[in-house]
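A short write-up of the structure that comes next.
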Amino acid sequence: MRRFYTGTDLSRVHSIAELAELARRRLPHFAWEYLSGGAEAELTLGDNQAAFSAYGLHARALVPCHPPATRRNVLGRSLPLPMLIGPTGYNGLLHRDADIHLARAATARGLPFSLSTASNNSMEQIVAAVPGVELWFQLYAMGEPKVQADLLRRAKACGSRTLLLTCDAMVLGNREWDRRNFARPRQLAWRNKFDVLRHPRWLKQVMWPHGLPGMGNLNPYLPEGERNALGSMAFIGRQMDTLLDWEMLQRLRDQWGERLLLKGVLHPADAERAIALGLDGVVVSNHGGRQLDGAMSSLEALAAIAPVAAGKLCLLLDGGIRRGSDIAKAVALGADAVLLGRSTLYGVAVAGEAGVGRALDLLGDELRLTLNLMGCSHLEHLDREALFRRPGQGA
């Protein structure tokens, strides 16, 4: 049976899996399932990680082990590592001001930070608290044009020049764990209320003294008495544009006028349409296995999309990344960089900014070690020839 470190010294945490175990112990059960759960039978959730295990790495001999070159050009910006923090919603359930902690850790390491429409800290709070942050903004298409236009205006005013439009969450997936944990919408079942009382540190860190946080980006559009968690959740549920289509994407392309990426692409034909519309990139993603259960894993979708889109679009990937070797495999299959979700959220749940930093440093160190052990001196040398299918893992 695998054992994990369960103390508080982050220097003794040696993997994302250990951070995850620490997060599981620190969070109430309903918050842990919110962080870690997927849709229905969680087939796609599991496939996201299993897809990386299906690939092995070729190693070459007698290559001097100098520090490998890991810089990567992403949308015209040279990043020290091929990774950035992706957009995730309602992070305040894990740690007070979690969005700020995530942004600080990313900025300290020269990496961009993506903020969700459904964040708890507003974009204005992020730029005020984190000088020098490279802020990307993730948009859920809003049914009310004035609300969407104002979100875009505010994002530009905050210095964001990269917009991620999420296209795979117009309706929410079947998240059975959510219904198990709540007696009615946003009302915890009694067993979960008792479990919350068993986590006084979480209560103090998240709930005290104002209760669950609202969604900061949406506060300007809510009546004053509804600027809270329940009001924000109800508002975004009403506002989600379920009729989002390619024509709307074209209008957004013209309206935004800056870098625009489509997040939630899993099919090569959709990547071709994104190229035709003049988008700057796509994020190959199945929403962390939280939407369509049975959807293709992100890594396998990347393998199918890359031959179509390479050199024409910036290709980013999210889903299932737990090791630096996973990042190497994604790059070898055509990704320009990866977006990190749960890996850094485990860190913020454990120790705020320090926990996020530990997650980022672990992945960076593992990536460099992987390249050395492969005999690969430069990240740019990685391609499909660096990979092989492990026995029993398909063609």
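The values are calculated or read from the model by the stated rules, or taken from the named source; none is laboratory data. This one's a predicted model, so the numbers in the text were calculated from it and none came from an experiment. Glycine also receives a Cβ, built like all others from the backbone with ideal geometry; neighbour counts cover every protein chain displayed.
Which one is farthest from Thr44 (Cα to Cα), of the residues in region 263-318 that are in a strand (DSSP E or B) and in contact with a His (Cβ under 9 Å, 6 or more places away or on another chain)?
So, considering only residues that are in a strand (DSSP E or B) and in contact with a His (Cβ under 9 Å, 6 or more places away or on another chain), the one farthest from Thr44 (Cα to Cα) is Lys263.
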- Residue within region 318-326 that is within 28 Å of Val13 (Cβ to Cβ), of a type in the set (Gly, Ala, Ser) and over 15 Å from the mean Cα position of the chain (by Cα) present: yes
- Identify all residues within region 149-168 that are in a helix (DSSP H, G or I) and touching a residue at least 24 places away in the same chain (Cβ under 8 Å); write none if there are none. Ala149, Asp150, Leu151, Leu152, Arg154, Ala155, Lys156
- Note on the structure: Of the residues in region 219-246, those that are modelled with pLDDT under 95 and in a helix (DSSP H, G or I) number 17
- Task: Among the candidates Asp293, Asp245, single out the residue that is surrounded by fewer than 24 Cβ atoms within 10 Å (Cβ to Cβ) and in contact with a Leu (Cβ under 6 Å, 6 or more places away or on another chain).
- Result: Asp293
- Message: Here is a check on your reading of the model: is Glu21 among the acidic types (Asp, Glu) and either out of contact with any Phe, Trp or Tyr (no Cβ under 9 Å at 6 or more places or on another chain) or within 28 Å of Val331 (Cβ to Cβ) (or both)?
- Response: yes
- Task: Taking Ser36 as meeting all but one of (1) in contact with a strand residue (DSSP E or B) (Cβ under 9 Å, 6 or more places away or on another chain); (2) touching a residue at least 60 places away in the same chain (Cβ under 8 Å); (3) among the polar types (S, T, N, Q), write down the number of the exception.
- Result: (1)
- Query: Is there a residue being assigned to a loop (DSSP other than H, G, I, E, B), of a type outside the set (Phe, Trp, Tyr) and either buried (at least 18 other Cβ atoms within 10 Å of the Cβ) or under 17 Å from the mean Cα position of the chain (by Cα) (or both) anywhere in region 253-262?
  - Reply: no
- Inspect region 353-361 for any residue being in contact (Cβ under 8 Å) with a residue 12 or more places away in the chain, not aromatic (Phe, Trp, Tyr) and not in a helix (DSSP H, G or I) and give the result as yes or no. no
- Message: With the structure loaded, tell me whether His210 is farther than 18 Å from Gly143 by Cα, surrounded by fewer than 18 Cβ atoms within 10 Å (Cβ to Cβ) and at pLDDT 95 or above or whether it fails that test.
- Response: no
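Can you tell which of Gly173, Gly159 is surrounded by fewer than 23 Cβ atoms within 10 Å (Cβ to Cβ), modelled with pLDDT under 95 and of a type outside the set (Asp, Glu)?
Every option except Gly173 fails the conditions.
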- Going by the structure shown, is Thr44 among the polar types (S, T, N, Q) and modelled with pLDDT of 95 or more? yes
- Task: Of all residues in region 213-225, count the ones that are surrounded by 15 or more Cβ atoms within 10 Å (Cβ to Cβ) and without any contact (Cβ under 8 Å) to a residue 60 or more places away in the chain.
- Result: 1
- Item | Single residue of region 179-195 satisfying the filter (out of contact with any strand residue (DSSP E or B) (no Cβ under 7 Å at 6 or more places or on another chain) and either surrounded by 16 or more Cβ atoms within 10 Å (Cβ to Cβ) or polar (S, T, N, Q) (or both)) that is modelled with the lowest pLDDT | Gln187
- Note on the structure: Within region 15-57, restricting to residues that are of a type in the set (A, V, I, L, M, F, W, C) and part of a loop (DSSP other than H, G, I, E, B), the one that is surrounded by the fewest Cβ atoms within 10 Å (Cβ to Cβ) is Ala41
- Apart from one, (1) at positive phi; (2) in contact (Cβ under 8 Å) with a residue 40 or more places away in the chain all hold for Gly257; the odd one out is (2)
- Collect the residues in region 93-134 that are among the polar types (S, T, N, Q) and part of a helix (DSSP H, G or I), keeping them in residue-number order. Thr107, Gln125
- Query: Which condition number does Thr8 fail, the rest of (1) closer than 27 Å to His199 by Cβ; (2) outside any loop (DSSP other than H, G, I, E, B); (3) more than 17 Å from the chain's Cα centre (by Cα); (4) not charged (D, E, K, R) being met?
  - Reply: (2)
- Task: Kindly check whether there is at least one residue in region 169-179 that is in contact (Cβ under 8 Å) with a residue 60 or more places away in the chain, touching a Leu at 6+ places or on another chain (Cβ under 7 Å) and among the hydrophobic types (A, V, I, L, M, F, W, C).
- Result: yes
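Considering Leu75, Leu81, Leu93, which residue is touching a helix residue (DSSP H, G or I) at 6+ places or on another chain (Cβ under 7 Å), closer than 20 Å to Ile321 by Cβ and not acidic (Asp, Glu)? Walk me through how you get there before you give the answer.
On the way: Leu75 fails: touching a helix residue (DSSP H, G or I) at 6+ places or on another chain (Cβ under 7 Å); Leu93 fails: closer than 20 Å to Ile321 by Cβ.
Of Leu75, Leu81, Leu93, the one residue that is touching a helix residue (DSSP H, G or I) at 6+ places or on another chain (Cβ under 7 Å), closer than 20 Å to Ile321 by Cβ and not acidic (Asp, Glu) is Leu81.
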